[in-house]
Amino acid sequence: MKKRLTIGILAHVDAGKTTLSEALLYLSGKIRTLGRVDHKNTYLDTNAVERERGITVFSKQARFSTPDCDFILLDTPGHVDFSPEAERTLGLLDYAILVISGTDGVQNHTRTLWQLLDFYQVPTFLFINKCDVAIKRKEDLAEELSKALSPRCVAFYEAETKKELDERLALVHESFLESVLTGEPIEDADVAALIAERRLFPCLFGAALRLDGVAFLLDTLIRYSLQPIYEERAFAAKVYKIARAGTTRLTYLKITGGTLSARDEISYLSADGTRTVEKINQIRLYSGEKFEQVDSASAGEICAVSGLSATYVGLGLGLEGNACRPVLEPVLSYCIQLPTGCDPILYFPKLKELEEEEPSLHLYWNDSLAQIEAQLMGEVQIDLVKRMIKERFSIDCELGTGKILYKEKIAKKAIGIGHFEPLRHYAEVQLLMEPQPNGAGLIFDIRLPENTLDVNWQRLILSHLYEKAHRGTLIGAALTDTKITLVAGRAHLKHTEGGDFREATLRAVRHGLMRAGCELLEPYYRFRLSVPNHSVGRAMSDLQARFAVFEIDSSNEEATVLCGKAPVSELHDYTRAVISYTAGKGSLSCTFDGYAPCHNAEEIIGAWHYDPASDLENPPHSVFCDHGAGFVVPWDEVEQYKHLDASHLLSQTPAPILPRMSQLSKKYALSDEELEAIMLREFGPIKRRRYSEPRTNAAEKAAKRHTKRSVKPPRHMVIIDGYNLIYAWDFLRETAEFSLEKAREVLMDLLSNYVAFTKIELLLVFDAYRVKDGVGSDFLHDGYRVVFTREDQTADAYMEQRMHELGPDYNIRVVTGDRLVQFSAVHSGILRMTAKEFLDELTSVSNQITDFIRKLEEQS
């Protein structure tokens, strides 16, 4: 069977990535003439900015074939300013080719790409380019890659025997050692399996401009790759790009399940949460600038469709979930200065169209300055934005000086109170707000006592927390690294409406931030600075003055490399200075390294002059009612007027982590002292008679001693969302990418051991909501029930139904990551568990089984 693979080429700038793409297309016969970047005639770089600057800006696709494989090639940007564009393609790839310049070696951006490939778990081949002009030998380059990236990087030389390759593989993987010692060749399928699991990274060498080593790369890729397996299921797809061809809006997507046909109806949620149902007008298969229009596309295909008006990058269609938040984010903000006579308010909705095509271009309206601002990665992207605005709207604009994108996090633990009670309205919300480690982002949770607030109000509060871009109280920067937990809430049976909880929730967030205060965060770069030895003193002095933390990474007779971390505000304009004082011999490469406390917070806060109490968009005050009229209570006096009290949560220390079964039994267990206190409160003092043994004869006493009391043991059950568990555990998710059926089998085997050892009743539910004409199934497997839901019945709905039916008679734990099911579990008095928590318990049980077996073996 002929393979079909989606491959992507990634590299740091000027490593020869586009040249390699041209070489692959040329050798496969896709193009007749070999294009060159310096000649501005490459097959994929067609944009004017790309040809002028000689860099790739937009990811593009090409199709080529060999006798054994059909390829979809994605060429991605190499410049650091367009890293988010490269990141968006990683979730689509079956395999990646990471190109590294033999003259420059591993750069900072190479390390960033390597980390992204690991994050998205993409099997990777490495191609060391420009070996014809590289000073280092191939063996030295291979050793450098092994140290810099992974010890599992293994050189695959073109002019070598199979035995020599097997010996190097045996040095890296012990599983191959036995084959080599016995003289047996290592099977290609075994090598391909290790590559697919990211446990082996082939390193190949060549010069793409001269076509040296490119054919060997292509043969190696075909030989050691596996055909991805897509399950026969309902339609599923990932949206990774939005573009326009004239007036036609195109949605680029990869189909991950089922088949998509023209005129099919697609139902999805737009960015604002609106349910949208639209028909597919066209399906296009692009290769370069040309496309072929087809009637249908199957799983594994990458295509562009028209007819969808509200899709966005990262959207999951059908059974596919939405993509996670990108790892790379812009760190600079620029004011877009429109020509005189152009109203920014009128142009802002038009410019938002550009954000669809370039999601890293975060456009927003600054109310305080009445101007449009854009969040960008760097200066090269500025030129692109100006070109796009000129081509689309025929106006010449300028971008102001870049400003650093600061963020804020709550400084300490606090309870935020929000009360909204004008006449005939009522809602009160109390939120526990806690600082989190850097990089955690915003986390929302619910921890309410049972039956204190209806679950529909809880869900509404959570949705309001998610929909708002929360701001800090120091300079009004975006809030991050904070956990917000709903701990108390109250509604009125008659007067509460949905909007009341929105007001109360947002006021509670602001109140908590005002009480606890915020900490200012700024973005940091991780840098690599290479300078001649005579300039090292100047470089170290500059870095110290720019608040950098660094160390000497390497040094030789000519140059010294300094690596470290520094604030973006101090380092973003340092490249020109480096070029100046090193006479062009120095180089500086920077990659985003997250947010950390601001080094000059007082200076920044003083320059902004932000007053959080006067921010009309984010009021911290509450509204109470007295004698039929509402009145505003300032934030620092709300504590005196509140109707609920959750202040005891501030002094609570985190509970110790106990085994799950102990937590479950503890939930329903009362000590003797607690039980006696309840009885005293409800029924008054307990009057006990002095106990005296009843008068019975000896025969009755003997019979009584031998009579056993019949005690009904408690029944425990675990209800598991199968697919949620599969895609939450890394090892099962990797298996599911190649075979979902295999992932189900592995999960069911693990649960068989768990049930046999713990004797707990278990219900495993798989969602077959979109299976055409599915009647569902319910069967026993190794002592527990497995359910496949019928068509139009979700696993969530089935689990909620079973929880309510079994709740009174069982101690139930529900294992799912779905928020709504977790809320339903809390409302029903059922213990909820995340997939990670259940994995920890499953691991613990597996260890107990292993210990038990080992003891049996020792005894025998």
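The values are calculated or read from the model by the stated rules, or taken from the named source; none is laboratory data. None of these values were measured; they are calculated from a predicted model. In this analysis, Cβ positions are derived from the backbone assuming ideal geometry, glycine residues included, and neighbour counts consider all displayed protein chains. Just the protein is used for accessible areas: all its heavy atoms, side chains included, with ligands, DNA and RNA removed. Shrake-Rupley method; radii C 1.70, N 1.55, O 1.52, S 1.80 Å.
Remarks
- Considering Phe216, Phe205, the condition of being at pLDDT 90 or above and either open to solvent by less than 20 Å² (accessible area, probe 1.4 Å) or closer than 11 Å to Leu20 by Cβ (or both) is satisfied by Phe205 alone.
- Cβ-Cβ distances below 8 Å connect the following pairs, each with a first residue in the stretch 182-205 that is of a type in the set (Phe, Trp, Tyr), a second residue that is assigned to a strand (DSSP E or B), and a separation of six or more residues or different chains: Phe201/Thr124; Phe201/Phe125; Phe201/Leu126; Phe201/Cys153; Phe201/Val154; Phe205/Phe127; Phe205/Ile128; Phe205/Ala155.
- Elements of type strands (runs of 3 or more DSSP E) contained in the stretch 548-621, each with 2 or more residues being buried (at least 16 other Cβ atoms within 10 Å of the Cβ) and within 32 Å of the chain's Cα centre (by Cα): 559-567, 587-597
- Qualifying residue in the stretch 761-769 (condition: over 24 Å from Leu831 (Cβ atoms) and either part of a loop (DSSP other than H, G, I, E, B) or modelled with pLDDT under 85 (or both)): yes
- Every pair of residues 6+ apart whose Cβ atoms lie under 7 Å, when the first sits in the stretch 62-86 and is within 19 Å of Gln375 (Cα to Cα) and free of Cβ contacts under 8 Å to residues at least 12 places away in the same chain while the second is part of a loop (DSSP other than H, G, I, E, B) and among the aromatic types (Phe, Trp, Tyr): none
- Members of the stretch 62-82 found to be closer than 20 Å to Ile242 by Cα, open to solvent by 10 Å² or more (accessible area, probe 1.4 Å) and over 22 Å from the mean Cα position of the chain (by Cα), listed by number: Arg63
- Here Gly273 meets each of (1) over 24 Å from Tyr727 (Cα atoms); (2) small (Gly, Ala, Ser); (3) open to solvent by 20 Å² or more (accessible area, probe 1.4 Å) with one exception, condition (1).
- Any hit, the stretch 393-405, residues being aliphatic (A, V, I, L, M), assigned to a loop (DSSP other than H, G, I, E, B) and surrounded by fewer than 23 Cβ atoms within 10 Å (Cβ to Cβ): yes
- Subset of the stretch 133-170 (residues that are touching a residue at least 40 places away in the same chain (Cβ under 8 Å), assigned to a loop (DSSP other than H, G, I, E, B) and open to solvent by less than 80 Å² (accessible area, probe 1.4 Å)): Leu149, Ser150, Phe156, Tyr157
- Search result, residues across the stretch 474-508 that are assigned to a strand (DSSP E or B), buried (at least 21 other Cβ atoms within 10 Å of the Cβ) and touching a His at 6+ places or on another chain (Cβ under 9 Å): Leu479, Thr482, Ile484
- Residues satisfying the stated conditions in the stretch 480-496, i.e. under 13 Å from Gln458 (Cβ atoms), of a type outside the set (A, V, I, L, M, F, W, C) and in contact with a Lys or Arg (Cβ under 7 Å, 6 or more places away or on another chain): Thr485
- Number of residues in the stretch 1-58 that are open to solvent by less than 50 Å² (accessible area, probe 1.4 Å), closer than 30 Å to Tyr230 by Cβ and in a loop (DSSP other than H, G, I, E, B) equals 5.
- Odd one out for Glu858 among (1) open to solvent by less than 50 Å² (accessible area, probe 1.4 Å); (2) in a helix (DSSP H, G or I); (3) modelled with pLDDT under 80: (1)
- Some residue of the stretch 350-368 being assigned to a loop (DSSP other than H, G, I, E, B) and more than 27 Å from Tyr240 (Cβ to Cβ): yes
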